[in-house]
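What follows is a single structure, written as structure tokens, with notes after it.
The values are calculated or read from the model by the stated rules, or taken from the named source; none is laboratory data. Just so it is clear, the model here is predicted, and its values are computed rather than measured. In this analysis, Cβ positions are derived from the backbone assuming ideal geometry, glycine residues included, and neighbour counts consider all displayed protein chains. The protein model used for the area step is the full one, side chains on, heavy atoms only, and it has no ligands, DNA or RNA in it. Shrake-Rupley method; radii C 1.70, N 1.55, O 1.52, S 1.80 Å.
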Amino acid sequence: MSRRKNACRLAVFTAIAIAAGNVAAAEFPATPPAPGPAPQLTVPTPSTQTLANGLQVISVRRAGLPLVTAQLVLRSGGEMDPPALAGLADLTASLLTKGAAGQSAPQIAAAAEALGGSLDADAGWDESAVGITVTTPKLPQALGLLAEVVRQPDFSAAELKRAQAQAIDDLRLLLSRPTALASLAASRGVFGDGAYGHSRGGTPASIARIGRADVQRLHAALYRPDNAILILAGDITPAQALALGQASFGDWARPATPLPARPAGKAASRVPAVLLIDQRGAGQAGVVAAHAAPSRSDDGYYVGTLANAVLGGSYSARLNEEIRIKRGLSYGANSRLQPLRDAGLWLAAAQTKNPSAAQVVELMLGEFKRLGDNRVGDAELAARKATLIGAYGRSLETTAGLAEQVGELAVYGVPLDEIGRYIAKVQAVTPKQIEKYADKHLAAGAVTVVVGDAAQFAADVRKAHPQAALLESTALDLDSPTLQPVVGK
């Protein structure tokens with residue numbers, strides 16, 4: 001039975017009991033109880049070792065269940081896409097499991113399935129990864145398979161064509177959604193033509209431009225042992241991890257050439273501070289407001305995490321409270337804080353009826369401002385801390401989740417013992433710190449984008465923002481730093 005059905009049934013039984021006089025209404029408090037004490041998590045400190053070729057081997061032991069998650073993580077991702085080839089890193093990662101070392105995609109999938117697992121590969125910002133979870137006795141074979149797809153991918157023309165067609169179809173569907181298009185435009189407005197400004201998944205035009213030689217070139221430049229981390233989480237000791245890493249990756253030669261230079265994550269923006277994109281006939285409008293944020297290495301990381309949790313990190317956070325619960329203007333409003341290696345993004349989003357878009361813009365910007373103008377109450381902060389701590393604890397319940405958390409710390413150069421200090425760090429954040437952090441990072445410089453049927457909201461938005469620019473969705477160039485085609489191109 002689903003949780004929702006349980007809740008509905010409980011509500012019916014409660015109403016019947018109260019009506020029958022069996023239960024006093026006063027027994028059901030109007031407000032939920034205060035959060036209990038934070039749980040105590042015991043997470044072993046990961047062990048780090050390095051092979052002669054530069055490959056870092058990180059293991060974190062969880063005994064008691066014979067499972068291990070193995071992930072080969074690169075310290076490079078979508079930020080390394082060439083200017084005209086947005087989505088190249090993501091496409092390259094997805095092709096790793098589509099043919100390697102003479103095996104076809106079905107054969108690779110069958111080999112992984114025979115081990116009791118499946119290979120997953122993708123690229124994010126600052127990282128690319130291939131992973132598999134298997135029982136401990138199957139780990140040597142799983143690592144052998146992992147090494148083949150990482151080191152010897154075929155990148156066949158047929159698989160590339162198939163992957164491109166799928167990616168283009170997915171992107172066209174995604175970009176037809178107002179909030180998705182607004183989010184992409186807002187990111188460009190924050191990062192400009194910096195490395196994080198383009199669409200990490202690419203655009204229909206950029207994906208179509210990618211050739212087999214481009215994929216091979218990116219793989220040759222970035223997939224190398226001195227740019228990689230092998231993470232093993234589960235029933236494994238550091239000595240076993242080192243031996244297995246050596247067996248599968250020890251003969252992976254480190255190139256004599258240096259790693260390609262990383263481009264700057266952020267550059268000057270040429271997108272208007274308030275941008276309206278006319279998607280004629282759209283049934284709803286997507287409203288997004290975004291700010292630049294600090295990098296992952298910033299000392300205020302945990303303060304920012306709490307600030308975002310207060311703003312829009314959960315159903316009961318402020319954005320959803322103001323926009324959905326109080327006013328019924330959206331099915332959901334939320335925010336996310338994405339700290340990256342060289343910069344970061346703080347983005348709030350909601351989808352609403354076209355005529356109410358202007359109202360949602362002001363509510364959203366008002367909540368950003370209120371976070372820096374007013375001290376967060378103790379009860380509100382305690383609830384947000386409980387939400388974060390609970391989610392973190394759940395993320396460590398599986399070996400895959402444990403490997404993911406370790407991988408993030410390793411990619412961003414954060415001390416690995418931080419994995420066991422998360423709860424204490426979150427609990428230490430004060431309301432005053434959040435107020436100062438929000439005032440510093442959210443007081444000015446927002447990029448606001450509204451996508452929808454502009455005839456129904458443009459005039460109202462311009463009453464408060466007369467400088468708002470208007471672009472047609474059909475005329476956008478999503479690969480341009482200005483979002484507009486180059487004249488004469």
ask   = Looking at Glu418, is it part of a loop (DSSP other than H, G, I, E, B) and without any contact (Cβ under 8 Å) to a residue 12 or more places away in the chain?
value = no
Looking for something over 22 Å from Glu79 (Cα atoms), in a helix (DSSP H, G or I), in contact (Cβ under 8 Å) with a residue 24 or more places away in the chain and open to solvent by 30 Å² or more (accessible area, probe 1.4 Å) - is there at least one such residue anywhere in segment 245-255? yes
Requested in this report: For segment 122-131, state whether one or more residues are under 30 Å from Phe191 (Cβ atoms), free of Cβ contacts under 8 Å to residues at least 40 places away in the same chain and not β-branched (Val, Ile, Thr).
Outcome: yes
Filtering segment 184-209 for residues that are in contact with an Asp or Glu (Cβ under 7 Å, 6 or more places away or on another chain) and of a type outside the set (Gly, Ala, Ser) leaves a count of 4
Listed by first then second residue, the pairs whose first member lies in segment 378-403 and is under 12 Å from Leu306 (Cβ atoms), whose partner is modelled with pLDDT of 95 or more and open to solvent by 40 Å² or more (accessible area, probe 1.4 Å), with beta carbons under 7 Å and at least 6 positions apart or on separate chains, are Lys385/Gln427
Residues of segment 127-144 being buried (at least 24 other Cβ atoms within 10 Å of the Cβ) and assigned to a helix (DSSP H, G or I), in sequence order, are Leu139, Ala142
In segment 32-58, residues that are among the polar types (S, T, N, Q), modelled with pLDDT of 80 or more, surrounded by fewer than 16 Cβ atoms within 10 Å (Cβ to Cβ) and not in a strand (DSSP E or B) total 1
message = Any residue at all in segment 475-488 that's under 29 Å from Ala268 (Cα atoms), touching a residue at least 60 places away in the same chain (Cβ under 8 Å), of a type in the set (A, V, I, L, M) and open to solvent by 60 Å² or more (accessible area, probe 1.4 Å)?
response = no
Of the residues in segment 437-475 that are among the β-branched types (Val, Ile, Thr) and in contact with a helix residue (DSSP H, G or I) (Cβ under 7 Å, 6 or more places away or on another chain), the one that is farthest from Val288 (Cα to Cα) is Val461
Item checked: So Gln107, is it open to solvent by 60 Å² or more (accessible area, probe 1.4 Å), at pLDDT 95 or above and polar (S, T, N, Q) -> yes
Taking segment 84-103 and keeping only residues that are closer than 20 Å to Gly197 by Cα, in a loop (DSSP other than H, G, I, E, B) and either open to solvent by 10 Å² or more (accessible area, probe 1.4 Å) or among the hydrophobic types (A, V, I, L, M, F, W, C) (or both), one is left with Ala84, Leu85, Ala86
Tell me yes or no: at least one residue of segment 307-330 is closer than 30 Å to Arg262 by Cα and not hydroxyl-bearing (Ser, Thr, Tyr). yes
Of (1) out of contact with any Gly (no Cβ under 9 Å at 6 or more places or on another chain); (2) under 29 Å from Gly189 (Cα atoms); (3) charged (D, E, K, R), Asp342 fails just (1)
Note: among Ala455, Ala443, just one is aliphatic (A, V, I, L, M), touching a Gly at 6+ places or on another chain (Cβ under 8 Å), touching a residue at least 60 places away in the same chain (Cβ under 8 Å) and open to solvent by 30 Å² or more (accessible area, probe 1.4 Å), namely Ala443
Residues of segment 59-83 being modelled with pLDDT under 95 and either open to solvent by less than 60 Å² (accessible area, probe 1.4 Å) or among the aliphatic types (A, V, I, L, M) (or both), in sequence order, are Ala63, Leu65
Over segment 435-479, the set of residues more than 23 Å from the chain's Cα centre (by Cα) and either part of a loop (DSSP other than H, G, I, E, B) or of a type in the set (Phe, Trp, Tyr) (or both) is Ala443, Ala444, Asp453, Phe457, His465, Pro466, Gln467, Ala468, Leu476, Asp477
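One line per residue, one yes/no per condition, for (1) hydrophobic (A, V, I, L, M, F, W, C); (2) in contact with a helix residue (DSSP H, G or I) (Cβ under 9 Å, 6 or more places away or on another chain):
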position	(1), (2)
Thr237	no, no
Ala241	yes, no
Leu244	yes, yes
Arg254	no, yes
Leu259	yes, yes
Those residues of segment 178-205 that are more than 20 Å from Leu345 (Cβ to Cβ) and either of a type in the set (Val, Ile, Thr) or touching a residue at least 60 places away in the same chain (Cβ under 8 Å) (or both) come to a total of 1
field: Ile207 vs. criteria open to solvent by less than 20 Å² (accessible area, probe 1.4 Å) and in a strand (DSSP E or B)
entry: no
If you go through Ile236, Ile207, the only one that is of a type in the set (A, V, I, L, M), within 30 Å of Ser335 (Cβ to Cβ) and either within 21 Å of the chain's Cα centre (by Cα) or at pLDDT 95 or above (or both) is Ile207
Please verify whether Arg224 is farther than 15 Å from Val68 by Cα, in contact (Cβ under 8 Å) with a residue 12 or more places away in the chain and open to solvent by 70 Å² or more (accessible area, probe 1.4 Å), treating the condition exactly as stated.
no
Note on segment 145-177: residues touching a residue at least 60 places away in the same chain (Cβ under 8 Å), more than 21 Å from Ile207 (Cα to Cα) and open to solvent by less than 30 Å² (accessible area, probe 1.4 Å) are Leu146, Ala147, Val150
Picked from segment 264-301 (must be assigned to a strand (DSSP E or B) and within 20 Å of the chain's Cα centre (by Cα)), the residue surrounded by the most Cβ atoms within 10 Å (Cβ to Cβ) is Val287
